[in-house]
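Below is one structure; the comments refer to it alone.
A short reminder: the numbers here are calculations on the coordinates, not readings from a lab. Quick caveat: nothing in here was measured; it's all calculated off a predicted structure. Because the Cβ atoms are built from the backbone with ideal geometry, glycine has one as well, and the counts that use them run over all protein chains shown.
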Amino acid sequence: MTIVDELGKASAKAQHLPAPITSALRMQSNRHVIYILKDTSARPAGKGAIIGFLKVGYKKLFVLDDREAHNEVEPLCILDFYIHESVQRHGHGRELFQHMLQKERVEPHQLAIDRPSPKLLKFLNKHYNLETTVPQVNNFVIFEGFFAHQHRPPTSSLRATRHSRAAVADPIPAAPARKL
Ligand code: ACO
């Protein structure tokens, strides 16, 4: 719990946020998933050192498409992402992000990003060629290709219970975005 709290504080500081958006207490009351990258070889002996973390979660959002129509969707969202200042730009962010994509079985263009920092926008552009955004009226950023294949939340991970019955009965991964 201490580690998650400290990571949340460090990330908030790095992003100049007034307060952390990640804490152990919050992690207990939502269905977000946190991926933590650890250097097992670092001191103190045997314990290693945390390099950074990535927090994701499914959220119901209303997003605009390129014709400015509202769509109700539930994409996987990038909620918080932080690599320690001493090791940024060493490829650790990419390693963590790549692991998350594999575990969550999503493509980068299917993600929604909650208030991306300039560094994260550069990161996404560099590693995943995500550049052209679809303008939104909320704080989330989505990229071209978002509406091509809508991703359905998986049944097996932490967020699943509410939807599990319907989703288990219907294993087809792509649910079209609902138009309003
Ligand atoms: N300035 C500009 N671009 C940067 C910077 C920087 N200081 N740091 C990383 N990047 C981008 C660049 O594209 C860089 O490639 P380059 O060095 O060739 O220019 C690329 O990321 C490097 O990739 P990695 O080494 O894999 O990324 P890193 O380990 O640095 O992790 C991260 C990226 C998480 C954004 C890290 O820089 C960080 O923690 N930044 C501070 C906190 C932050 O802004 N988090 C995102 C908040 S928004 C959100 O979470 C929804």
Query raised in the report: What do you reckon, is Ala112 more than 11 Å from the ligand (Cβ to nearest atom), in contact with a strand residue (DSSP E or B) (Cβ under 7 Å, 6 or more places away or on another chain) and either of a type in the set (A, V, I, L, M) or over 22 Å from Gly145 (Cα atoms) (or both)?
Result: no
Requested in this report: Name the residue, out of Asn125, Asn129, that is more than 25 Å from Asp5 (Cα to Cα), surrounded by fewer than 20 Cβ atoms within 10 Å (Cβ to Cβ) and within 10 Å of the ligand (Cβ to nearest atom).
Outcome: Asn125
**Report entry** Qualifying residues in the stretch 68-93 (those that are near the ligand (Cβ under 8 Å from one of its atoms) and among the acidic types (Asp, Glu)) - the one surrounded by the most Cβ atoms within 10 Å (Cβ to Cβ)
**Finding:** Asp80
Requested in this report: Please work out if Val63 is within 16 Å of the chain's Cα centre (by Cα) and in contact (Cβ under 8 Å) with a residue 40 or more places away in the chain.
Outcome: no
Requested in this report: Just give me the residues in the stretch 97-110 being crowded, with 20+ Cβ neighbours inside 10 Å and either more than 11 Å from the chain's Cα centre (by Cα) or over 19 Å from Ile36 (Cβ atoms) (or both), in sequence order.
Outcome: Gln110
Requested in this report: Filter the stretch 5-33 down to the residues that are free of Cβ contacts under 8 Å to residues at least 40 places away in the same chain and aliphatic (A, V, I, L, M), then identify the one that is nearest to Glu85 (Cα to Cα).
Outcome: Ala12
